[in-house]
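The values are calculated or read from the model by the stated rules, or taken from the named source; none is laboratory data. Quick caveat, the model's predicted, so the values are computed rather than measured. Positions of Cβ are generated from backbone atoms using ideal geometry, with glycine treated the same way; all protein chains shown enter the neighbour counts. Please note that ligands, DNA and RNA were not included when accessible areas were found on the heavy atoms of the full protein model with its side chains. Shrake-Rupley method; radii C 1.70, N 1.55, O 1.52, S 1.80 Å.
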Amino acid sequence: MDNSNLRSQDWFGRTGKDGFIYRAWMKNQGIPDEEFRGKPVIGICNTWSELTPCNAHFRELAESVKKGVIAAGGFPVEFPVMSLGETLIKPTAMLYRNLASMDVEESIRANPMDGVVLLCGCDKTTPSLVMGACSVNLPTIVVSGGPMLTGKYQGRNISTSDVWRFNDAVRSGQMTQEQLTVAEACMCRSRGHCAVMGTASTMACMVESLGLSLPENAAIPAADSRRKVLAQYSGKRIVEMVKENLRLSDILTREAFENAIMVNAAIGGSTNFVIHLMAIARRISVALELEEFDGLSAKIPLLANLQPSGEYFMEDLYYSGGLPAVMKALEKELHGSCITANGKTQHQNFQDAPCYNSEVIANTDKPFKNITGLAVLKGNLCPNGAVMKPSAASEHLMKHTGKAVVFENIEDYHTRIDDPALPVDEHSILVLKNVGPIGYPGMPEVGNMALPKKLLDKGITDIIRISDGRMSGTGFGTVILHVSPEAAAGGPLALVRDGDLIALDVVQRSLALLVPDDELAERKKKWKPSHPMATRGYVQLYQQHVEQAHLGADLDFLSGGSGSKVTRDSH
Ligand code: FES
């Protein structure tokens, strides 16, 4: 390779004062001249943070990547970006996904990098890094941090989906606070992200099915030594990708997105997949519509028997053959010719993938469930769409008409949900407004509202819930999310009142508010937004520019990319 073509040479290859400055300050880290001069510079984009516990092992992972980069003749430079931990950040990590993506984009473009390794783990750390990197479009590979080991509590397997069960058990008196405290350590007993097919695992599967990582990246547990081996191989591979000039736009074709959507259906991935994949597609300028998620998913049965749709955990997925085994089972449906980060096609990667346990990874002849992983609903309550996960919903609610019990915002919900006088029964439909991108702001994961205590006491475990918010990928139930337009934008959701009839028909993909049009028009005339509006800073920028859920909830001015060129050079 002619290294003079390397992007980084515009810094380190210069003579005179500029080259002196660029190199001299690198040398204060004790780096010899020959270590970086003329070599591909690989940025390791690290979301390590002790405030993002799922990514707290990433400095170690970065060391493995560095070994691979050095072995392949590259020069690794690790740099931090904003890290979004799902469990601690308030009001919601989603509010900052786009901000983090801007940090990633500008950090990559502004610095002397020829290729990038993205270290991703907790939910938002994957889409924010991929979105930002797409807008620069350098050779890029993803290394995920890996899931936690399966939790063990009182002799049984547990993970994040049990948080919701424990919560209901405490509220209904079946579990004590002391038992809950013991369960905390039992659930999170190793490094890594949530061990079910929640959003983090869904995102790790997304990058592998898009072709952005090496095969097996999605499922190797964080604590398994093979995770470090994969990181080292990824470091080696990114140097080759730079030499081959294999960029994100070469991998992220329309067919690659279709593969990711079909794989997501087969694994019962999180509903958050829709919003993040849409945002990524718009960054790399691939046309994708919300309805296509349903069309592409509809022909794919659920193959992975993983919580929250099934029984097993990410660790089991890995031991059963990992994502390559799932993709092998989908061979007839997938676009096998898509090129992936290792330079091979998807088909070459999965063609010999064995399945070691058909209980965990079923095949299309005998799927785990015939029901599709994702449904996109339309109707006068959600003109631009809403999503739900039928595989995690209740069969008896798939076609149901019920009376709305309306909460104007999340505070209203918390205040009244356990009020014994709340007019709610097992046929009711809970409606939560103002938890969308603009309304909350940031579209939090509150859509799977806990049921009223009086229903739990009656043994009711699921009723229909509708909102413009999101749901944790570890959540379950008959939960309709991402209603677009959101209430705060004046969507029909804003007009729903207590007692209105709402009809859901999942087979027909319809969600209808059974109120006459003229009555809705009257209500619209009187409607006034009631959500809080920020008056300064990032949150104000976010509220002014965030797009609706069906477009991916990115900031409108971040669509597309600006490439890797530095536009001004003042030195
Ligand atoms: Fe980080 Fe679940 S909290 S992945």
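Contact annotation: residue pairs with Cβ atoms under 6 Å, 6 or more positions apart or on different chains, pairing a residue in the range 50-61 that is within 12 Å of Thr87 (Cα to Cα) and free of Cβ contacts under 8 Å to residues at least 60 places away in the same chain with a partner that is near the ligand (Cβ under 8 Å from one of its atoms) and open to solvent by less than 20 Å² (accessible area, probe 1.4 Å), are Leu51/Gly85. A search for C-beta distances below 6 Å between a residue of the range 489-518 that is open to solvent by 60 Å² or more (accessible area, probe 1.4 Å) and any residue that is in a loop (DSSP other than H, G, I, E, B) and not β-branched (Val, Ile, Thr), counting only pairs 6+ apart in sequence or on different chains, returns Leu501/Leu514. Is it true that some residue in the range 358-376 is surrounded by fewer than 20 Cβ atoms within 10 Å (Cβ to Cβ), under 29 Å from Ala488 (Cβ atoms) and touching a residue at least 40 places away in the same chain (Cβ under 8 Å)? No, that holds for no residue. Taking each residue of the range 25-47 that is modelled with pLDDT under 95 and looking for partners that are open to solvent by 60 Å² or more (accessible area, probe 1.4 Å) and of a type in the set (Phe, Trp, Tyr) with beta-carbon atoms closer than 9 Å, six or more apart or interchain, yields nothing.
Of all residues in the range 222-245, none satisfies being open to solvent by less than 70 Å² (accessible area, probe 1.4 Å), touching a helix residue (DSSP H, G or I) at 6+ places or on another chain (Cβ under 7 Å), part of a loop (DSSP other than H, G, I, E, B) and away from the ligand (no atom under 16 Å from the Cβ). All of (1) open to solvent by less than 30 Å² (accessible area, probe 1.4 Å); (2) more than 16 Å from the ligand (Cβ to nearest atom); (3) not in a loop (DSSP other than H, G, I, E, B) hold for Leu214 with one exception: (3).
Scanning the range 184-211 for residues that are assigned to a helix (DSSP H, G or I) and in contact with a helix residue (DSSP H, G or I) (Cβ under 6 Å, 6 or more places away or on another chain) yields Thr199, Ser201, Thr202, Met203, Cys205, Met206, Glu208, Ser209, Leu210.
I'd like to know if the range 330-353 contains one or more residues that are touching a Ser or Thr at 6+ places or on another chain (Cβ under 8 Å), open to solvent by less than 60 Å² (accessible area, probe 1.4 Å) and under 10 Å from Leu303 (Cα atoms). Checked the range 330-353: at least one residue is touching a Ser or Thr at 6+ places or on another chain (Cβ under 8 Å), open to solvent by less than 60 Å² (accessible area, probe 1.4 Å) and under 10 Å from Leu303 (Cα atoms). Among the residues making up the range 323-352, those that are touching a residue at least 60 places away in the same chain (Cβ under 8 Å) and not in a helix (DSSP H, G or I) are Leu330, Glu333, Leu334, His335, Ser337, Cys338, Ile339, Thr340, Ala341, Asn342, Gly343.
Only residues that are among the hydroxyl-bearing types (Ser, Thr, Tyr), under 26 Å from Ser309 (Cα atoms) and crowded, with 19+ Cβ neighbours inside 10 Å were counted in the range 383-417, giving 1. Number of residues in the range 142-157 that are in a strand (DSSP E or B) and within 14 Å of the ligand (Cβ to nearest atom) equals 3. Note on the range 440-475: among residues that are without any contact (Cβ under 8 Å) to a residue 40 or more places away in the chain and basic (Lys, Arg), the one that is nearest to the ligand (Cβ to nearest atom) is Arg465. In the range 158-171, which residue that is touching a Pro at 6+ places or on another chain (Cβ under 9 Å) and in a helix (DSSP H, G or I) is farthest from the ligand (Cβ to nearest atom)? Taking the candidates together, the pick is Trp164. Out of Met102, Met113, one residue alone is over 25 Å from Gly475 (Cβ atoms), surrounded by fewer than 24 Cβ atoms within 10 Å (Cβ to Cβ) and in contact (Cβ under 8 Å) with a residue 40 or more places away in the chain. It is Met102.
Filtering the range 418-434 to residues that are surrounded by 19 or more Cβ atoms within 10 Å (Cβ to Cβ) and without any contact (Cβ under 8 Å) to a residue 40 or more places away in the chain leaves Val424, Ser428, Leu430, Leu432. Trp48 fulfils the conditions (1) of a type in the set (A, V, I, L, M, F, W, C); (2) within 16 Å of the ligand (Cβ to nearest atom); (3) in a helix (DSSP H, G or I) except for a single criterion, (3).
Selection within the range 5-44: residues that are over 27 Å from Ile141 (Cβ atoms) and basic (Lys, Arg). The member of this set that is most open to solvent (accessible area, probe 1.4 Å) is Lys17. Taking Ile108, is it open to solvent by less than 10 Å² (accessible area, probe 1.4 Å) and either of a type in the set (A, V, I, L, M, F, W, C) or over 23 Å from the mean Cα position of the chain (by Cα) (or both)? The answer is yes for Ile108. In summary, Gly30 fulfils each of the numbered conditions (1) more than 20 Å from Lys124 (Cα to Cα); (2) of a type in the set (Gly, Ala, Ser); (3) touching a helix residue (DSSP H, G or I) at 6+ places or on another chain (Cβ under 8 Å) with the single exception of condition (3).
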